[in-house]
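The values are calculated or read from the model by the stated rules, or taken from the named source; none is laboratory data. Model, not experiment: these values are computed from the prediction. Here the Cβ is made from the backbone with ideal geometry for all residues, glycine too, and neighbour counts use every protein chain on show. Note: areas computed on protein heavy atoms with side chains; ligands, DNA, RNA excluded. Shrake-Rupley method; radii C 1.70, N 1.55, O 1.52, S 1.80 Å.
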Amino acid sequence: MSRNVVIVGAGPAGLAAAAAALRAGARVTLLDAAESPGGQYHRMLPEAFAAERPGRLHHGWAAFDRARRHVLGHPRCTWLAETSVWSLERRDPGDARPPRVHLVHGPDGAGRDRSVLDPDALVLATGAHDRVLPFPGWDLPGVFTAGAAQALAKGERLAVGDEVLVAGSGPFLLPVAASLLEAGSRVRGVLEANPAATVLRGWGARPRELASQPGKAAELAGYTALLARHRVPYRTGRAVIAARGDGRVEEAVTARLRADWSVVPGTERAVPVDAVCVTHGFSPQLELPLAAGCALRDGPEDGTAFVDVDDDQRTTAPGVHAAGEITGVAGAPAARAEGLLAGWLAGGGSPDAPELRAVRRRRDQGRAFARRLAAAHPVGDGWKSWLTPRTVVCRCEETTYGALCRAADDPAGGSDRAVRLGTRAGLGPCQARICGPAVAALLGGRVTRTATPHHRPVAQPIRLGELARPPKEGTP
């Protein structure tokens with residue numbers, strides 16, 4: 001009898017996992033909160049746009065389109081669009097089966113249906129979202145995460161502004177700037193916070209390893225040529241340290257940074273803009289791995305963590321595999337390799353299959369790329385010096401940096417839990433998805449850490465009326 005595999009997330013890792021599990025003979029349920037598969041990397045225009053082809057910046061589109069058509073059209077695959085996992089129900093101790101999967105179907109609003117899946121294996125490929133460090137004015141309208149700006153440009157052909165500055169750290173700045181240019185924005189500049197020496201040292205170590213990533217070099221060349229054609233300057237060792245404006249962003253304050261991200265005095269400069277797009281790396285979406293009982297490993301910076309997996313992409317939770325950005329940020333090719341391995345083994349495929357040797361090699365190359373990426377684009381501790389006592393750290397609850405420091409220094413506190421309860425930091429609608437890593441970094445060394453900000457018994461918001469209705473049998 002074929003195994004029943006549930007795959008959460010239909011980005012590069014999840015789609016590859018579905019294809020591999022189907023090849024292994026399993027029955028697959030693939031689900032995603034979006035209308036279409038692809039994730040952020042292969043985000044498509046809505047079907048209502050009737051677009052004939054994707055934008056020219058969709059790398060690897062032909063291969064993705066083939067995989068998408070194969071998986072969604074397979075008789076053993078059930079595709080659930082606009083579907084979210086709001087809870088994972090663990091088994092009794094000693095039970096080797098994966099958790100039950102509680103779903104809610106449809107866009108947010110009254111009338112959504114619930115259902116429960118009982119899989120033989122579970123693959124988590126939930127991806128990541130932008131990590132943004134707070135700075136004065138980051139809560140002004142017109143300040144966007146880079147991922148949100150790119151999603152609007154790629155998925156809706158909407159430009160977030162006419163005069164835009166892209167800033168932060170990491171190679172993701174380049175495709176974001178390219179998407180904005182394609183949508184019609186004028187990009188005033190791309191600012192990489194790390195100095196050139198740090199970037200070159202990270203990417204230049206063990207140069208022979210770069211030969212295994214020819215696609216990355218081609219992408220870099222394409223983005224570089226596009227920025228040059230539009231005369232967009234790319235600056236290293238510089239960052240947006242504040243945003244100003246009356247009711248919305250009118251100018252961004254940039255400054256030159258030292259290697260630790262502290263500001264070089266006298267280098268501040270105001271740039272007139274109507275939008276700022278920032279990203280300082282990525283935060284993996286760990287709600288479901290934690291709900292499933294998966295152990296985490298520490299990331300390269302304080303307050304960051306990833307799912308701990310073995311050589312077969314198995315987590316420490318029975319019957320649960322993980323793939324993609326939740327195991328380490330390494331890009332779409334590495335996510336696909338991890339997804340292929342996780343899906344094949346979750347579907348009952350042999351771990352000794354000859355074709356897995358090449359997959360494992362690509363996966364290991366992706367892990368090496370992730371280490372190189374972390375070394376070339378680290379987050380320096382000096383960003384904390386950008387803050388003022390009035391800087392909002394938690395935008396949902398409007399908790400300021402000054403309030404956080406006072407709570408941390410209060411003798412009656414002593415733990416991050418007490419600080420969060422006293423200041424409401426991370427307890428708003430986003431449930432610390434945005435501010436969690438920053439708050440953890442700001443509290444590091446000042447209080448005793450008692451919990452991870454990713455632990456949420458209810459992984460996605462659900463209405464009481466939806467909970468009151470019994471779940472439907474099977475899937476819609």
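Across region 40-51, the qualifying residues are those that are open to solvent by less than 70 Å² (accessible area, probe 1.4 Å) and modelled with pLDDT of 65 or more, and the one among them that is farthest from Leu15 (Cα to Cα) is Met44. Check region 116-139 and report whether any residue there is open to solvent by less than 10 Å² (accessible area, probe 1.4 Å) and more than 24 Å from His454 (Cβ to Cβ). Within region 116-139 (the criterion being open to solvent by less than 10 Å² (accessible area, probe 1.4 Å) and more than 24 Å from His454 (Cβ to Cβ)), the answer is no, since none of the residues qualifies.
Residue selection: Asp130 fails the criterion of being closer than 27 Å to Glu325 by Cβ, among the charged types (D, E, K, R) and out of contact with any Gly (no Cβ under 8 Å at 6 or more places or on another chain). Scanning region 414-429 for residues that are open to solvent by 30 Å² or more (accessible area, probe 1.4 Å) and not basic (Lys, Arg) gives Gly414, Ala418, Leu421, Gly422, Leu427, Pro429. For Ala432, the conditions (1) on the phi < 0 side of the Ramachandran plot; (2) crowded, with 22+ Cβ neighbours inside 10 Å all hold with the exception of (1). Selection of region 140-159 for residues being over 16 Å from the mean Cα position of the chain (by Cα) and modelled with pLDDT of 95 or more yields Leu140, Pro141, Gly142, Val143. The set of residues in region 389-413 being of a type in the set (S, T, N, Q) and open to solvent by less than 20 Å² (accessible area, probe 1.4 Å) consists of Thr391, Thr399.
Residue-level check: of (1) modelled with pLDDT of 95 or more; (2) open to solvent by less than 30 Å² (accessible area, probe 1.4 Å); (3) not assigned by TED's automatic domain parsing to the domain that holds Ser169; (4) not in a strand (DSSP E or B), Val232 misses just (3). The criterion of being of a type in the set (A, V, I, L, M), more than 25 Å from His42 (Cβ to Cβ) and in contact with a His (Cβ under 9 Å, 6 or more places away or on another chain) holds for Ala305.
So that you can scan it fast, the table gives a plain yes or no per residue for (1) at pLDDT below 95; (2) open to solvent by less than 60 Å² (accessible area, probe 1.4 Å); (3) of a type in the set (S, T, N, Q); (4) part of a helix (DSSP H, G or I):
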{"residue": "Gly25", "(1), (2), (3), (4)": "no, yes, no, no"}
{"residue": "Thr29", "(1), (2), (3), (4)": "no, yes, yes, no"}
{"residue": "Glu35", "(1), (2), (3), (4)": "yes, no, no, no"}
{"residue": "Gly38", "(1), (2), (3), (4)": "yes, yes, no, no"}
{"residue": "Arg56", "(1), (2), (3), (4)": "yes, no, no, no"}
{"residue": "Arg68", "(1), (2), (3), (4)": "yes, yes, no, yes"}
{"residue": "Ala96", "(1), (2), (3), (4)": "yes, no, no, no"}
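Reported count of residues in region 199-229, each being open to solvent by 40 Å² or more (accessible area, probe 1.4 Å), at pLDDT below 80, aliphatic (A, V, I, L, M) and more than 17 Å from Pro333 (Cβ to Cβ), is 0. Condition (residue is assigned to a strand (DSSP E or B), touching a residue at least 60 places away in the same chain (Cβ under 8 Å), open to solvent by 10 Å² or more (accessible area, probe 1.4 Å) and acidic (Asp, Glu)) applied to region 171-186: is it met by at least one residue? No, region 171-186 has no match at all.
The set of residues in region 311-358 that are crowded, with 24+ Cβ neighbours inside 10 Å, β-branched (Val, Ile, Thr) and at pLDDT 95 or above comprises Thr315, Val320, Ile326, Thr327. Residues that are touching a residue at least 60 places away in the same chain (Cβ under 8 Å) and within 28 Å of Leu173 (Cβ to Cβ) are absent from region 341-360 altogether. Please indicate, with yes or no, whether at least one residue in region 150-164 is assigned to a strand (DSSP E or B) and surrounded by 21 or more Cβ atoms within 10 Å (Cβ to Cβ). Scanning region 150-164 turns up at least one residue that is assigned to a strand (DSSP E or B) and surrounded by 21 or more Cβ atoms within 10 Å (Cβ to Cβ). Checking each residue of region 79-91 against the condition of being in contact with a Cys (Cβ under 9 Å, 6 or more places away or on another chain) and outside any strand (DSSP E or B) gives no match.
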